[in-house]
1. Please turn the phi angles of the range 123-135 into ³J(HN,Hα) values with the Karplus equation 6.51 cos²θ - 1.76 cosθ + 1.60 (θ = phi - 60°), one per residue in order, whole Hz, x for glycine and proline.
2. If one computes the Cα centroid of the range 73-100 and of the range 111-134, what distance in Å separates the two points?
3. Choose one of S59, S123, Y22: the residue whose Cα lies farthest towards the positive end of the charge dipole of the range 3-133 (beta-carbon charges +1 Lys, Arg; -1 Asp, Glu; about the Cα centre).
4. As a check on your grasp of the helix formula, calculate [θ] at 222 nm for the chain: sum -39500 (n - 2.57) over DSSP H runs of n ≥ 4, divide by the residue count, round to the nearest 500.
5. So for the range 37-122: antiparallel DSSP bridges make up what percent, rounded to the nearest 5?
6. Going out from 0 in 10 Å bins, what whole percent of all Cα-Cα distances in the chain drops into each bin?
7. So which trypsin sites (Lys or Arg not before Pro) in the range 57-109 pass both tests, a DSSP loop state and at most 13 other Cβ atoms within 10 Å of the Cβ?
8. Mind listing the long-range amide H neighbours of C84? Cut-off is under 5 Å, sequence gap 5 or more, other chains count too, H placed in the peptide plane at 1.01 Å from N.
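A short reminder: the numbers here are calculations on the coordinates, not readings from a lab. Since we're looking at a predicted model, the values are computed, not measured. In this analysis, Cβ positions are derived from the backbone assuming ideal geometry, glycine residues included, and neighbour counts consider all displayed protein chains.
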Amino acid sequence: MRFSLFRLCCKSVILIGMNITYKKGVRPDAESIISVYKSAGLNRPIDDKERIEQMYANSNLIVSAWDGDRLVGVARSVTDFCFCCYLSDLAVDLEYQKAGVGKKLLYMTKEIIGDQCMLLLLSAPAAMDYYPKIGLEKIDTAFLINRKS
């Protein structure tokens, strides 16, 4: 599956009786982000609101999913828009998982950065089987210096 085959022409999608709206460039408030992270089980500093705010203030590509005024999913990236994009967070509220929200957030991110730009994602262990199913290639050529806290 190649991402270039996907053309995203609509801004909202109906999912199981829900009207999900996708937005680019909107920075959700920290409380909403923390709520999605908690529900999704994403290992992030959810007890440090200031750090969450800094994470988003220093990111230059944010794609979000909304059910009305409720944030239900978010993709947060750092990119140069021409060679490399690090998708650092992809989180979907548990209630909205398995409805295509995460997949759409990822595909929208890829469409925004374009075909010249690669997308890199570090997976949570529980999601290692998910990403190949939606078109990502597993690689063994990465290295890490982990954070201390």
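1. 8, 5, x, 5, 9, 4, 7, 6, 4, x, 5, 10, x
2. Each part reduced to its Cα centre gives a spacing of 8 Å.
3. Farthest towards the positive pole: Y22.
4. It comes out at -7000 deg cm²/dmol, rounded to the nearest 500.
5. Just about 80 percent of them are antiparallel.
6. Using 10 Å bins, I get a P(r) of 10, 43, 38, 9, 0 for the chain.
7. Filter output for the range 57-109: K98.
8. Under 5 Å from the amide H of C84 lie the amide H atoms of M118, each far enough along the sequence or on another chain.
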